[in-house]
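Engineer: Before I ask anything, let me first share the structure, which is written out below as structure tokens.
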Amino acid sequence: MTSLPRPTAELTADEARRIALRAQGFLGAPDRRGGVRGVLRHLGAVQLDTISVLARSHELIPYARLGAVGRKTVDTAYWTPASDGTAPPSPHAFEYWSHAACILPVEEWPHFAFRRRAYRARPHWNHALPDGTYEQVIKQLRTEGPLTATDLGGAKKTSEWWDWSGTKVAVERALMHGEVVCTERRGWKRVYDLAERAIPAELLHDELDDTECLRRLVRLAGQSLGVGTRADIADYHRLKGEQVDAVLADSGLVPVTVEGWAKPAWADPAALETPPRGRHRTTLLSPFDSLVWERARTERVFGFTHRLEAYVPKPKRVYGYFAMPVLAGGHLVGRVDPAREGATLVAKQVTLESPKAVPAVAQALLDAAAWVDCTNIRVERANTPSLREALTTELARTLG
């Protein structure tokens, strides 16, 4: 940005960290009345991913904030329409491209018009679209109702992940354009429907111009982060820096400085009104949790280097396939790479920042095991033999 307004507040690094924790739902009493849907609306986006170790990432997000909410309850909250008895059932959420493939509150449909327009104007695509296939998919959905890619004729031409069939290419492009929407998954398969049928009529429009869409998403990102740099805010919904610059001054966020941060920051004014206080969550975090999904921010806020190694060749992994950061006392105190073997939760690799983290990591493992119906916990490796012994002893003491 060419010029910056004067900061309205100066925050210490500790204040910024606590503001971020509260904004993400990890500090203070959880909103159990709002439940999973409340978590979704509070965060503005919940990332989806195919990897399932303890559970899929979109299940881990509410678990980390609310505790042992049932996995079926989570899916029901995301995908089951509701009715007040006076109107047809309407969805709570839809799936679209935000930070990545994300579950989004259905009321945000109008604010992604800018992205739908950009996709419609996109000149190049990774997959060729066979003539007439797009029209055929729309016709089939109109005639037969909501369908999966398999129902439409098959998702892939071969076993290769990205070797999509023509119908899969067509329906995914229709989803990006906004003519088709996903408001449900069945067995992890997207269920596609016509947007005109699935999205509530009052939300089904692209009337907002790009500026209004971006202003809303920047404001939402600032609220969900509590405080963040321009890059943090842009990354939340994967906006371009110049898009953020165009609306930041009118977004309602206020400029602040944060001790130790090299770049200017912006904060949700509501987050500055009261000091963040309350109980800290102790929990395992999905690597795709919005608290830690941006590596540079995680290092700046928590002094913690976080990297997903699922796609790193096994010999080059440092922390493990699906290493989950451990949050305790408002700090990231270690990592656990978990697995399940029957009724045993296996900590394949545990990496702790300090021996002081042992009780917290033990508690996080015990809670996670209970959530996924495991009755035993086995620690295979830790960064030192003495830490493994200490953690095993603490687990035995607590379980005993």
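Engineer: Does residue 172 satisfy being in a helix (DSSP H, G or I), of a type outside the set (Ser, Thr, Tyr), under 29 Å from residue 44 (Cβ atoms) and open to solvent by less than 20 Å² (accessible area, probe 1.4 Å)?
Structural biologist: yes
Engineer: I've got another one for you. Which residue out of 132, 67 is touching a strand residue (DSSP E or B) at 6+ places or on another chain (Cβ under 9 Å) and small (Gly, Ala, Ser)?
Structural biologist: Unique residue meeting the criteria: 67.
Engineer: What are the residues in region 260-277 that are open to solvent by 50 Å² or more (accessible area, probe 1.4 Å) and in contact with a strand residue (DSSP E or B) (Cβ under 7 Å, 6 or more places away or on another chain), if any?
Structural biologist: 263, 264, 272
Engineer: Among the residues of region 174-190, is there at least one that is within 28 Å of the chain's Cα centre (by Cα) and free of Cβ contacts under 8 Å to residues at least 40 places away in the same chain? Explain how you work it out, then say what you get.
Structural biologist: Narrowing region 174-190 to residues within 28 Å of the chain's Cα centre (by Cα): 174-190.
If we keep only those that are free of Cβ contacts under 8 Å to residues at least 40 places away in the same chain too, we end up with 186-187.
Scanning region 174-190 turns up at least one residue that is within 28 Å of the chain's Cα centre (by Cα) and free of Cβ contacts under 8 Å to residues at least 40 places away in the same chain.
Engineer: If you go through region 384-397 one residue at a time, do you hit one that is within 19 Å of residue 320 (Cβ to Cβ) and assigned to a strand (DSSP E or B)?
Structural biologist: Checked region 384-397: no residue is within 19 Å of residue 320 (Cβ to Cβ) and assigned to a strand (DSSP E or B).
Engineer: Please enumerate the residues belonging to region 278-300 that are surrounded by fewer than 18 Cβ atoms within 10 Å (Cβ to Cβ) and either within 16 Å of the chain's Cα centre (by Cα) or without any contact (Cβ under 8 Å) to a residue 24 or more places away in the chain (or both).
Structural biologist: Across region 278-300, the qualifying residues are 295, 299.
Engineer: Here's a follow-up. For region 316-364, please list each of the strands (runs of 3 or more DSSP E) lying entirely inside it that holds at least 3 residues being in contact with a Phe, Trp or Tyr (Cβ under 8 Å, 6 or more places away or on another chain) and open to solvent by less than 40 Å² (accessible area, probe 1.4 Å).
Structural biologist: 331-341
Engineer: A further question on this structure: If residue 37 satisfies all but one of (1) at pLDDT 90 or above; (2) in a loop (DSSP other than H, G, I, E, B); (3) out of contact with any strand residue (DSSP E or B) (no Cβ under 6 Å at 6 or more places or on another chain), what's the number of the condition it fails?
Structural biologist: Residue 37 satisfies all of (1) at pLDDT 90 or above; (2) in a loop (DSSP other than H, G, I, E, B); (3) out of contact with any strand residue (DSSP E or B) (no Cβ under 6 Å at 6 or more places or on another chain) except (2).
Listed here are the residues, each with its yes/no results for (1) touching a helix residue (DSSP H, G or I) at 6+ places or on another chain (Cβ under 9 Å); (2) of a type in the set (S, T, N, Q); (3) not in a helix (DSSP H, G or I).
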| residue | (1), (2), (3) |
| --- | --- |
| 185 | yes, no, yes |
| 190 | yes, no, yes |
| 201 | no, no, yes |
| 212 | yes, no, no |
| 220 | yes, no, no |
| 228 | yes, no, yes |
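Engineer: Of the conditions (1) open to solvent by less than 10 Å² (accessible area, probe 1.4 Å); (2) assigned to a loop (DSSP other than H, G, I, E, B); (3) under 18 Å from residue 232 (Cβ atoms), residue 54 fails just one. Which one is it?
Structural biologist: Unmet condition: (3).
Engineer: Among the residues of region 8-51, which ones are over 30 Å from residue 188 (Cα atoms) and open to solvent by 70 Å² or more (accessible area, probe 1.4 Å)?
Structural biologist: Within region 8-51, 8, 10, 14, 15, 29 meet the criteria.
The values are calculated or read from the model by the stated rules, or taken from the named source; none is laboratory data. Remember, predicted model here, so these are calculated numbers, not experimental data. As a convention, Cβ positions derive from the backbone with ideal geometry for all residues, glycine included, and neighbour counts pool all protein chains shown. To get the accessible areas, we keep the full protein, side chains included, count just its heavy atoms, and leave off ligands, DNA and RNA. Shrake-Rupley method; radii C 1.70, N 1.55, O 1.52, S 1.80 Å.
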